[in-house]
Amino acid sequence: MAPRILICLSPRDIIRLRLVSRYFNGITRDKRMWRILYARACLPRPPGPFEWQPLSFHEQVLIHSARTSLTWTLHPILNGLTLIQGPRFTSRGVPKIQPWHFLLGRLLVWCEETSIFAHDVDTATRMVVWTNPTPIPCSSIEAVSLNHQDGECVYIAFPDAVENKRRLLIRLLEVPVRRHATPLLGPVSRGMHLPQGTSLSMSAHFPFLSFGSGLERALGQSLPLLIDMRTWATYTFPPYHSSLEGPVSRKPDHWVDNFIGLSRTHILVTRELTRPDAPRVTHIQAFALPTRLSKSGVNKLRLTHEILTLRIPPPTRVLRDSVIDPVTGNVHIRFLGMLQFDLTSMAQYSCIDTILPPVVPNLVHQPILPIDVHDQPLFCARGRLRRLELQSSKQGHVRGLLMARHLYRFSIDASKENCIAVLSEPEIRSADDPLETTQYLGFDGVRGRICYEVETEDVRYHDLMVSEFR
């Protein structure tokens, strides 16, 4: 009976009850109760609850995220936590691929010559994740994290010289996360070389890893590749085609693939068409996994839905994962859209709800179904967008920051029929502020942490600072 009453309290109040007596200390450690609290929490948080996630993980995530939500859109102070000495890189000639990555709200991953390092900010421990036989070109790596029912892993990709250094292939490593141990990362559990021509640019949304940005695909510079991390099966997009009439009947040169949206049911690709003599057009296509997998080689995704629309701003980030309507079978996926009115004035941000009708099973020739699209205006920000960072839960609870003319912090609740957004007052920062001068930025929405570059006495190098909004 007691846990049923306690789930009506906030996580912080439950923790405080432990100081009352031994009895309350015991009942407030009920694992089932904390799993219910985690599942019901209207806060940005990692996926879960899962059996492998310890009680301490649920407690810490909920308490940190609830504390951050109290002041996120007010005027919290940016407090420096720690300066990480080590991942130094030359400030000039930095490669396009980010030389370091900030994961799990506490882990920095970077590369130096032949070694890949990880530094845990919370425990101040450093480890060598991988030592390569040959130097890693340009010290460039990509790193993302995924958690699912079987555990939590960090995936690291980097260019690797093979066949006596005659070819460069992308090597992908899977490294398990051990929340209850030090160091945070375990030994590499799995690795593979990706097909030749795969781009190093990597993004993740369970269960997929995606390689290759939209611009690279438009220019034909890379092989767009997806990996289903449940099976390690590889997928690529079919040659461009469309069932719609008009400018999308064939792929013209002025189409640009500017966004890939990953969800657990579909992969959405958007293209923009801009002409001086015509209004802006957005073409959205949805792809699904093939019904049968190839026993060898790369599988082709199948086109299931598409739409050509003038009404909505182009999507930029996923706000809420796929939700299947139990009555109609429609799949709802929500995105954050951004429409820049001009380069110096205002930009409007909207919640874009894409509705995909169910595919009729067991048909030999599946028709390409239409997509229904609705948008809800959320907020406006002044100036041209320079950086947008956000973290969302699967249910659609979002926390993020954007840098345009000024710095804004925002929170979005996309879990219900009507999206609700709260935007902070614009924060003016000086021209020499590290957030203004940094080339790359890491963000953790649960704890309100950011990682950015700071200058050193030697202007050729930068160090990394991890700070927290409080």
Test: G445 is on the phi > 0 side of the Ramachandran plot, in contact with a Ser or Thr (Cβ under 8 Å, 6 or more places away or on another chain) and touching a residue at least 40 places away in the same chain (Cβ under 8 Å): no
Selected residue (only one of P187, P159 is more than 18 Å from the chain's Cα centre (by Cα), farther than 13 Å from L107 by Cα and part of a loop (DSSP other than H, G, I, E, B)): P187
Which listed residue, of T354, T328, is more than 21 Å from V269 (Cβ to Cβ) and either touching a helix residue (DSSP H, G or I) at 6+ places or on another chain (Cβ under 7 Å) or hydroxyl-bearing (S, T, Y) (or both): T328
Residues (part of a loop (DSSP other than H, G, I, E, B) and touching a Gly at 6+ places or on another chain (Cβ under 9 Å)) located in the range 19-44: P44
Yes/no for P44 being in the same structural domain as S65 (by TED's automatic domain parsing), touching a strand residue (DSSP E or B) at 6+ places or on another chain (Cβ under 7 Å) and surrounded by 13 or more Cβ atoms within 10 Å (Cβ to Cβ): yes
Whichever residue in the range 439-470 is assigned to a loop (DSSP other than H, G, I, E, B) and modelled with pLDDT of 80 or more and, among such residues, is nearest to V109 (Cα to Cα): Y440
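The values are calculated or read from the model by the stated rules, or taken from the named source; none is laboratory data. None of these values were measured; they are calculated from a predicted model. Cβ sites come from the backbone with ideal geometry, for glycine too, and all protein chains shown count toward neighbours.
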